[in-house]
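Working notes, structure below.
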Amino acid sequence: MMLKHIISMRDFSRDDIDIILAKAKEFEPIARGRKSGLLSGKILSTLFYEPSTRTRLSFETAMKRLGGEVIDLGSIESSSVAKGETLADTIRVIGNYADAIVLRHPREGAARMAAEYSKVPIINAGDGAGHHPTQTLLDLYTIMRESSLSGLKIALVGDLKYGRTVHSLAYALSLYHADMTLISPRQLQMPDVIKKDLKKQGAVISETTNLEEVIGDIDVLYITRIQKERFPDPAEYQKVAGSYRITEELLKSARDRLIIMHPLPRVDEIDPAVDRTKYARYFEQSFYGVPVRMALLVMAMEAG
Ligand code: NCD
């Protein structure tokens, strides 16, 4: 597999994904601190037009633990973007400095557009409400390590309309023939185009607004934040804020082997008391971003 850019899960076959997950497993000891110089002499640029904690820092960590260097644009306000530079120009310029670019942008399609102007690999770290493929790969890795990808019964809960993590994840899970239950307020259902696409892949999906009714029947509960910043009208956000909250009480009817995942940041979707239960995996999940992003960086640097 030689993907130059990493833009959408639609560019990956199931075999591609399995290769990346296997590579990530090999990188786990390095992610935990074992020395490596695999990417020494390589430079990664991070270019974030939207806030980020895990994605940016885990890419940085992955690069540095592999012996590479990172240059970061820093805040948009302190760069030439504030003077009106276009994304296309910024990308062309950074391609003269770095061997690959990790880009997060508020506009859907921005990463695909950037790839057209870039001579170095573009890695999409989130384009508006569009895609977040590297998050999906770490989500799949978490499921592989902490549960199982075969015969999987999973619930995707929360903001399925604006949540880019669930858009990418649902598509990838369809390649694994997962049984998916989509749980959201009516206003925040998974967009029809994505559902159609999932069904075309042969995915088994059902939809409900009621989490209690499925909690006893799933292996993975994947909950997401309501994406406040994507609502055109703040009053509409207020109507759905706090729609779902995972509590110890709710978990009384959970399967023993259930795991709870969240791409983070959480706002109030998970009661902090749940962190101490055997079900919680969201902090492990954030660690798994490091070995998975190592695998992606090595692939991108080889392809670039
Ligand atoms: C997510 C994102 O940015 O889409 N965060 C992440 O990358 N882990 C989820 C979110 O912001 O809710």
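The values are calculated or read from the model by the stated rules, or taken from the named source; none is laboratory data. Keep in mind it's a predicted model, so treat the numbers as computed, not measured. Virtual Cβ from ideal backbone geometry, glycine too; neighbours counted across all protein chains shown.
Within the stretch 173-186, does at least one residue satisfy the condition of being farther than 16 Å from Thr136 by Cβ, in contact with a helix residue (DSSP H, G or I) (Cβ under 6 Å, 6 or more places away or on another chain) and surrounded by fewer than 22 Cβ atoms within 10 Å (Cβ to Cβ)? So far as the stretch 173-186 goes, yes, one or more of its residues are farther than 16 Å from Thr136 by Cβ, in contact with a helix residue (DSSP H, G or I) (Cβ under 6 Å, 6 or more places away or on another chain) and surrounded by fewer than 22 Cβ atoms within 10 Å (Cβ to Cβ).
You will find that of Ile226, Ile205, the residue that is surrounded by 14 or more Cβ atoms within 10 Å (Cβ to Cβ), assigned to a loop (DSSP other than H, G, I, E, B), of a type in the set (Val, Ile, Thr) and at pLDDT 95 or above is Ile226 and no other. Within the stretch 107-135, take every residue that is assigned to a loop (DSSP other than H, G, I, E, B) and away from the ligand (no atom under 13 Å from the Cβ) and give me the one that is surrounded by the most Cβ atoms within 10 Å (Cβ to Cβ). Result: Pro121. Going by what's in this entry, would Thr86 be described as β-branched (Val, Ile, Thr), within 28 Å of Ile194 (Cβ to Cβ) and either within 14 Å of the ligand (Cβ to nearest atom) or without any contact (Cβ under 8 Å) to a residue 40 or more places away in the chain (or both)? No: the conditions fail for Thr86. Every condition in (1) in the same structural domain as Arg257 (by TED's automatic domain parsing); (2) out of contact with any Leu (no Cβ under 8 Å at 6 or more places or on another chain); (3) buried (at least 20 other Cβ atoms within 10 Å of the Cβ) holds for Lys200 except the one numbered (3). Of the residues in the stretch 229-249, at least one is out of contact with any Lys or Arg (no Cβ under 6 Å at 6 or more places or on another chain), surrounded by 13 or more Cβ atoms within 10 Å (Cβ to Cβ) and part of a strand (DSSP E or B). With respect to (1) within 16 Å of the ligand (Cβ to nearest atom); (2) exposed (fewer than 14 other Cβ atoms within 10 Å of the Cβ); (3) hydrophobic (A, V, I, L, M, F, W, C), the lone exception for Phe48 is condition (2).
Look at the stretch 54-66: where a residue is within 15 Å of Ile43 (Cα to Cα) and in the same structural domain as Met294 (by TED's automatic domain parsing) and a partner is of a type in the set (Val, Ile, Thr) and more than 14 Å from the ligand (Cβ to nearest atom), sitting 6+ places away or on another chain with Cβ atoms under 6 Å, you get Glu60/Val70; Met63/Val70; Arg65/Ile30.
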